[in-house]
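Colleague: First the structure, then my questions, so here it is.
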Amino acid sequence: MKKFNIRKVLDGLTAVSSSSSAAQTGAAKENDAVPESLQSEHFQLCKTVRHGFPHRPSSMAFDPVQKILAVGTLNGALRLFGRAGVECYCQHDSGAAVIQLQFLINEGALVSALADDSLHLWNLRQKIPAILHSLKFNRERITYCHLPFQSKWLYIGTERGNIHIVNVESFTLSGYVIMWNKAIELSTKTHPGPVVHISDNPMDEGKLLIGFECGVVVLWDLKSKKADYRYNYDEAIHSVAWHHEGKQFVCSHSDGTLTTWNIRTPAKPAQIITPHGKQPKDAKKPEPCKPILKVEYKTTRAGDPFMVLSGGLSYDTVGRRACLTVMHGKSTAVLEMDFPIVDFLTLCETPYPNDFQEPYAVVVLLERDLVVIDLGQIGYPIFETPYPLSIHESPVTCCEYFADCPGELIPALYSVGSRQKRQGYSKKDWPISGGNWGQGTQSYPEIIITGHADGSIKFWDASALMLQVLYKLKTAKVFERARGKEEKANTDIVDEDPFAIQTLCWCPESRMLCVAGVSAHVIVYRFSKQEVTTADVQLLEVRMQSDLSNVDSPDAAGDQTPTQPSPPPPSPQESEPSATISTQASASGNISISLADGPRDNMPCLQVRISPLKQSPGYQVELVVQLVWVSGEPPQQITSLAINSSYGLVVFGNSNGLAVVDYLQKTLLLNLGTSELYSPSEPNQRHPCSPRKARHPSGAQCDSNDGPNAAEERCKSPNSGSNSPCNSDEERKAKFIEKARMSRKISSPNEQKPYSDSKDNSFSRSRSSSVASIDRESREAICAFCFCETFPRKLADASPSPCLLVGTTHGSVMLVGLSLPSGDQQRLLQPVGISSSGTVARLKGGILTTALLDAAGALLPASYQPWYDPNASDEEKEKEKSRWRRPASPPSSQDGHDSQFAVLCSERQAKVLAMPSQTRVYKHNITESSFVLRADVVEMAGANCIACFCANGHIMMLSLPSLRPLLDVNYLPLTDMRIARTFCFSNLGQALYLTSPTEVQRITYSQETCDNLQEMLSELFTPVETPEAPNRGFFKGLFGGGAQSLDREDLFGETASGKASRSLAQHIPGPGNMEGMKGAASGVVGELARARIALDERGQKLGELEERTAAMMASADSFSKHAHDMMLKYKDKKWYQL
């Protein structure tokens, strides 16, 4: 390739102008030297899959033949589950709550009823389900639906007490209507209330059982159009269940009772029981209990029937958790649930209601969990759920996504995580086993890491559009637990969840993990396959205080960073840090206790445990770093974090400054305020200021390379005050965007708590003083780090060396040089030298990400130390170290030529600098009216680009190094702080965010992935033979004791019942009808599968026809032969000889 020469590029730039036209001229010339392969056609944005528990579930249905479970939510979403890895997400456009779901069993279709009185027919035979038909009721509210097995007529109960009938094939109303005033007795003076239940008699399809809320149940004869029997009870009805023989049914009532009725004796119930009621001694009626919300009655051939119910507990059980009661024979089991019960279903062996049901499991839908109970084993154990439904076990506070990881990582994490699994699960296979996996070719390893409010970290295998938990790490084990409220109030700085994960940094190659928590603590972990017991946890206490001019440094024990208004920063020529910029902290576990009457000082927020720590295989604590209180002020939360295994360093920063820690020697190398990073010769150096002075606008800074004419205009903050009036909506929008902007830097897990109505959505919830909180926004915080090997000086003959790029919230990017001792032994004995090289560039807005490219535009990854087991024997360690391959160092600068690009991206701008000259080559203004919330340099189609997510919902891609716009899609308007904090990009076109407190949405920005999505998605519908109907038996068939069938077409068809009123409901054709479905089903594998199934069916029918034809021909030949022989036999005989 032609050698890159930055001078030729600079020839096309003017000396003083910084206009966009000049940048474009430079870009055109740069493209001649650095060819870029990425084009706009490589990018397309679309959703792929959604994982996690359905947020706010409301209803559930199960197909017993296809073995598919459907869950509806209050947000109008549908989640469908099959075997492990088979999941699907759909959404109703209206967003109304799903009140009921009905499968067309083994037909690949689903009917959903919504709270806006609409019905929808979903086609599940395609990989992305679509609505075929919709029906919107105008005058009546839908309360209940019932679809008999193998019927096309859907019964709809309404709030007025009427029942309408819908043809599910055409989704049109029948003229047959059951009016409430004809169903109840004429003598009844009150309205019976809404319809709460509809079902047909298992043995007679012509008899319909209708339950009204007031307690009246009617057995309606569909043919004669009149009520056969009416059953009255004083208490309201919640549900009804049939016995499979059709002679009895059970009702659950609002007073906690169950009534059993014989259909031919409507005068009084055959039995009344109160499962959880206390029976008084005087044999009076049992005490009333809470309502039994649902009951199911299932029979078995070889034993007693099962009666499963929810609710019905006694009123004196205040505070008791929700329970599911299983009554089997004389035994009653009460199963406590962790969350309130939304719905439950009993899974049975047969789909036919007129046969013995043979129940084998109960699916219980809770508000925040899904539980499946095994009815076939003693003690009713639960099944182990194969779905990733535990994402929200503790609220998610941060998230990271790693695509194309080392291949051995997932097996290593799974091996240590498999030991953490709970015991006592059912030994049977998961009963929801329908569907088939996708057949895509995407096979690279993907790992998602989630940090949680309880201090736990979960590693997930996200390969091939699936999600499975691999390993769980509990960081709270490092600290002592607070035993009482008083102790807790004195030790933490947040209202609750003191162990919550703030941010994390992970190196997949070395398996080093670094975690920062909200209580201003940092924990460094190493990965080991062996169990160890740590006698003393290594601890560093760091004193980071703000560089305010009015804050005095207290006289406390231990070395401290000087807090004079403007200390002299280190000289760029210094190779090792001097005593003025280096702080050494004690590694002991002792905590300094402040005076009884004085302010808290030198005290960490959490107490590290003193007793020995048993560490299981997996991630084990290497070092704990804690920030301490300073003069009564709590430490500021950590906003940025980075770790490098090759250098053995951890760096973290907050609004006070940064600290560099050597985790190999367990020492603090550097503790600097932000202002001390600037060179004294820089004209824009920021001096420490008092919080009581006027605050400087944050967010935008002058571009050092721009001309003086634009300085005044470009230094204005986008949120600074304006003379023009602003309406309240715009002000609220601006405040919301500003909150979202800060959410990436200071977050609190308390906002993540579901179902909590917090008026203040601020991400900062510390008990700091009002002065410090006012000053926090005006301080220049550290917000980005990048370990790299680049040129710390502008010298032409410089060579690359280990460095640290530091970004601030005011848009400054500083370079810090690192001097590492050579050799492994020297590295553990000699200190690491650190020197500041001053400011590299300034951008508008806070810095989000930085990276380095070589002269050909390829990404220069940070050096790393390959993983080895720290607890292995010395021989094994030597074997591992002999296989270490340190990444090749970037080429040095020769002949004064620049050989690297530095990529810098902030909340508003992106710049590319040539190194070591630090000359700006390209600049692109990403947004003027919003902020970039997340930016990452990612690999895509063998090249690199910048991926950006803005607060206004736009997702943008910029080429490297020329910063050409490749994609700009208005995808997701920011409506939730959760999205701002959890959105993250990864390589190979992958990204994700937390779309609700319980669900992760994965998206792709790759055109190739979008094209292959149909093949990669799982299939919900698979061709399965419907089980044979139960045998009626000889005597039942002879005397008419079997099931009675009904020709519903003669009753409900247009010829018999007439047309329904047009004003009652409106039919809406769906986008997923047959014509639209054919256009949407563009996946090659899906088309081939459908064609193969059609050919198989056609071939099977042709084969059967051929067999029947051959049999008929053989029969005809035999008949012809016998007829011919008969003719010959009697041919010459007379009639009297016969």
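Colleague: State the extension gain, in nm to one decimal, for the chain segment bounded by residue 228 and residue 1008, taking 0.36 nm per residue of separation less the distance between their alpha-carbons.
Modeller: Numbers: separation 780, 0.36 × 780 = 280.80 nm, distance 6.32 nm.
Extra length from residue 228 to residue 1008 when fully extended: 274.5 nm.
Colleague: Give me the distance in nm between label points sitting 7 Å out from Cα along the Cα-to-Cβ direction at residue 1028 and residue 189, one decimal.
Modeller: My value for the distance between the label points is 5.9 nm.
Colleague: How high is the FRET efficiency from residue 279 to residue 970, r the C-beta distance, R0 60 Å, rounded to 0.05?
Modeller: On the way: r = 65 Å, r/R0 = 1.09.
That gives a FRET efficiency of 0.40.
Colleague: Also, quick follow-up: For residue 306, what residues show an amide H to amide H distance below 5 Å, using hydrogens built from the backbone and excluding near sequence neighbours?
Modeller: Correct list: 298, 299, 300.
Colleague: Largest first and in whole Å, what are the equivalent-ellipsoid semi-axes of the range 73-187 based on the Cα gyration tensor, each being the root of 5 times an eigenvalue? Walk me through the numbers on the way to the answer.
Modeller: Values: eigenvalues 154, 47, 29 Å².
Semi-axes, largest first: 28, 15, 12 Å.
Colleague: Here's something else I'd like to know. Taking R0 as 25 Å, what's the FRET efficiency between residue 873 and residue 420 from their Cβ-Cβ distance, rounded to 0.05? Please report the intermediate quantities before stating the final value.
Modeller: Numbers: r = 26 Å, r/R0 = 1.03.
For residue 873 and residue 420, the calculated efficiency is 0.45.
Colleague: Principal axes first, then extents: for the Cα atoms of the range 234-364, list largest minus smallest coordinate on each axis, whole Å, largest first.
Modeller: Rounded to whole Å, the extents work out to 40, 40, 25 Å.
Colleague: Take the cross-link list 330/428; 182/225; 225/1059; 223/268; 268/298 and give me the ones stretching past 19 Å between alpha-carbons.
Modeller: Numbers: 330/428 26 Å; 182/225 9 Å; 225/1059 17 Å; 223/268 26 Å; 268/298 23 Å.
Violating the 19 Å Cα-Cα cut-off are 330/428; 223/268; 268/298.
Colleague: Something else: Stretch residue 1126-residue 40 to full length: gain in nm at 0.36 nm per residue minus the Cα-Cα span? Could the numbers behind the result be given before it?
Modeller: Numbers: separation 1086, 0.36 × 1086 = 390.96 nm, distance 8.58 nm.
Contour length minus Cα-Cα distance gives 382.4 nm.
Colleague: Averaged across orientations, what area in nm² does the convex hull of the alpha carbons in the range 51-120 project? It would help to have the intermediate numbers written out before the result.
Modeller: Details: hull surface 17.1 nm².
Result: 4.3 nm².
Colleague: Between residue 941 and residue 535, what length comes free when the chain is fully extended (0.36 nm per residue of separation minus the Cα-Cα distance, one decimal in nm)? Present the calculation step by step, with values, prior to reporting the outcome.
Modeller: On the way: separation 406, 0.36 × 406 = 146.16 nm, distance 4.88 nm.
141.3 nm is the gain from fully extending residue 941 to residue 535.
Colleague: Using alpha carbon centroids, what distance separates the range 411-429 and the range 811-848, in Å?
Modeller: Centre-to-centre (Cα) distance: 43 Å.
Where a number appears in this text, it was derived from the coordinates with a stated rule and is not lab data. Nothing here was measured: the structure is a model prediction, and the numbers come from that model. Because the Cβ atoms are built from the backbone with ideal geometry, glycine has one as well, and the counts that use them run over all protein chains shown.
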